[in-house]
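A short worksheet on the structure shown next.
The values are calculated or read from the model by the stated rules, or taken from the named source; none is laboratory data. Only a predicted model underlies this, so the values are computations on that prediction, with no experimental measurement involved. Here the Cβ positions follow ideal geometry from the backbone for every residue, glycine too, while neighbour counts run over all protein chains shown. We work out accessible area using only protein heavy atoms, side chains counted, and drop any ligands, DNA or RNA first. Shrake-Rupley method; radii C 1.70, N 1.55, O 1.52, S 1.80 Å.
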Amino acid sequence: RCHRCPHLLTKICEKDEKQDVLSEYKEKYPLYLSTLPRDSFAPKAEYKMADIPMEGTSTTKRDYRAHEVLPQKLKEPEKYVKSDKSMDLTTIYRQDYKSHPTYQVPPYLPCERRYISDAKMNTKSTYKDDYMLWNEPKTELIRPVDSYRPPEEKYDYRTVVQDDYLYRGPVTTQSFKPLNLNCKSKTPFENRTNYRLNYVLHPLEKCYRHQYEKFKPSEVPFDGLTTHKVSYKGLHGKPAKLAKPLPPKLCHELPFSSATEFQEKYQPWPQPPVFMKKPVKYVPPLEKMDLHTTTQLHYKHPNGKPAKMCQPLAELQKSTEPFTSSSTMKQDYKPWMSKRVNPIIRAPGLTIPVKPMDCLTTFKTDYLPHPVTLRKACKPPWPVRRPHTLMDAKSIYATSYTPKGMVKCLASYKDPPGYVFEGINAGGHKLYLPASE
């Protein structure tokens with residue numbers, strides 16, 4: 001149902017329609033021959049070929065010698081010969097296992113005994129019996145003595161930058177912006193556009209306003225019935241049958257057979273002896289091995305020495321002047337005689353009561369039990385059984401609905417009916433004309 005096009009939208013055009021290359025932008029901003037695009041400053045990628053001709057031989061061509069490769073001989077498999085011996089179907093399970101009669105084992109569960117005592121339950125907890133309130137004073141906090149005091153001298157609040165930096169006024173700078181040397185045309189600019197030339201004013205029509213009809217309530221009284229209540233009539237159906245299979249009967253009187261299905265169906269096959277291939281004897285080569293490498297043959301510098309380092313040693317010039325250990329930090333910053341300030345501790349406002357705790361909650365003291373009030377159920381009563389009548393299959397949808405035909409999209413056709421193919425556009429779109437034209 002949905003069709004998408006990778007190009008621009010395809011439309012059905014007329015024969016007289018032509019593409020106008022001239023636009024409003026091209027009329028306003030024409031091209032000037034005086035301003036040309038500047039050349040690229042990127043370096044040209046030119047490959048420089050070496051003057052020395054390349055040697056066509058390689059180390060593989062020099063040192064590698066081709067040997068004869070003979071075809072591999074494949075050994076023919078031996079033919080299968082069927083044996084005449086009969087198979088012994090006895091197993092260790094049949095020989096050693098002795099069948100015994102089986103009986104149903106009775107359950108070994110102990111008899112259930114319930115003991116209910118007549119004594120009253122003690123509702124007091126161990127916390128209420130064992131907990132005793134202690135009348136002890138509150139422990140004081142162990143804190144160190146804070147002897148810090150702020151200095152009495154005034155702080156000047158000046159930094160090293162404020163003392164050493166002198167403001168010398170604004171500095172005049174010269175602009176390095178290039179001059180705008182573009183040649184402007186002397187011809188006056190035409191303010192005429194295609195829109196001003198071709199636009200035709202049309203008289204405006206009056207806006208259509210839809211008049212809403214006033215709501216008229218129906219004179220027929222509301223019966224309060226729905227299609228479900230009218231059409232649906234509860235019918236009595238058959239109860240569902242249990243789909244659970246019956247438990248199989250256990251036959252304990254039959255003797256236990258020592259043969260299994262695996263022993264009856266799967267019989268062992270005669271296994272031939274494992275074929276062991278004899279290893280081929282190693283024959284040493286007659287020619288001697290050349291232990292020389294390409295480096296030993298071509299590199300002829302037996303008395304070579306490692307290259308010496310040409311970098312001169314760094315000579316450190318020792319100064320005779322004594323080292324000054326003073327800095328701007330040591331000269332300008334002077335430590336103050338500061339003392340630690342004592343923390344402000346407030347007096348404890350909590351007082352422990354002398355009377356013992358009654359262990360009662362607000363719920364126990366304030367809650368008053370009320371008698372239980374029975375509420376009426378708002379559930380509607382169960383409807384009376386209806387007579388055994390079949391349901392009417394007719395509905396408003398079945399009587400009033402008229403089926404309509406499916407309209408197929410014109411773009412889904414290879415050649416749309418009612419149109420004639422004219423040609424293909426530059427953008428790759430097919431152009432069609434109505435068959436009446």
For q values of 0.26, 0.30 Å⁻¹, compute log₁₀ I(q)/I(0) with the Debye formula on a Cα-only model of the stretch 166-219, without solvent. -1.14, -1.21
Once you place label points 7 Å from the Cα toward the Cβ at Lys300 and Lys394, how far apart are they in nm? 12.0 nm
Could you order Arg346, Arg143 by accessible surface area, starting with the largest, using a probe radius of 1.4 Å? Arg346, Arg143
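Leaving ligands, DNA and RNA out of it, report the carbon-plus-sulfur percent of the accessible area of the stretch 133-278 at a 1.4 Å probe. List each step's numbers first, then the result.
Numbers: 10650 of 18070 Å².
On the stretch 133-278, the fraction of accessible area on carbon and sulfur atoms equals 59 percent.
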Quick check: residue separation of Val230 and Val81 times 0.36 nm, minus the Cα distance between them. What number comes out in nm? 44.9 nm
Residue-level accessible surface for His228, protein heavy atoms, 1.4 Å, Å²: 120 Å²
Averaged per residue, what accessible surface does the stretch 336-383 expose to a 1.4 Å probe, in Å²? 123 Å²
How much accessible area does Ile116 have with a 1.4 Å probe, in Å² rounded to the nearest 10? 140 Å²
Output the pairs from Lys26/Lys184; Lys44/Lys177; Lys73/Lys281; Lys26/Lys430; Lys85/Lys265 with a Cα-Cα distance over 24 Å in this structure; if there are none, say none. Lys44/Lys177; Lys26/Lys430
Asn180 versus Val145: modelled label distance in nm, points set 7 Å from Cα along the beta carbon direction: 8.1 nm
Approximate spin-label separation Arg113-Thr159, in nm, with each point projected 7 Å along Cα-to-Cβ: 9.2 nm
Where in the stretch 160-196 does the label zone of Thr324 land, with the point 7 angstrom along Cα→C-beta and an amide N cut-off under 19 Å? 160-161, 164-165
Among the listed pairs Lys128/Lys355; Lys238/Lys394; Lys79/Lys277, give every one whose C-alpha distance is greater than 21 Å. Lys238/Lys394
Quote the accessible area belonging to Met276 in square angstrom, nearest 10, computed with a 1.4 Å probe and with ligands, DNA and RNA left uncounted. 150 Å²
Considering only protein heavy atoms, what per residue accessible area in square angstrom results for the stretch 33-104 with a 1.4 angstrom probe? 127 Å²
Show Tyr155, Tyr80 ordered by accessible area, largest first, where the area counts protein heavy atoms only and the probe is 1.4 Å. Tyr80, Tyr155
Within the stretch 391-437, what whole-number % of the accessible surface is contributed by carbon and sulfur, with the 1.4 Å probe and all protein chains included in the calculation? 61 percent
Students sometimes get this wrong: rank Lys364, Lys379 by accessible area, probe 1.4 Å, all chains present, largest first. Lys379, Lys364
Extension length gain for Cys409 and Asp63 (0.36 nm per residue less Cα distance), in nm, is 117.0 nm
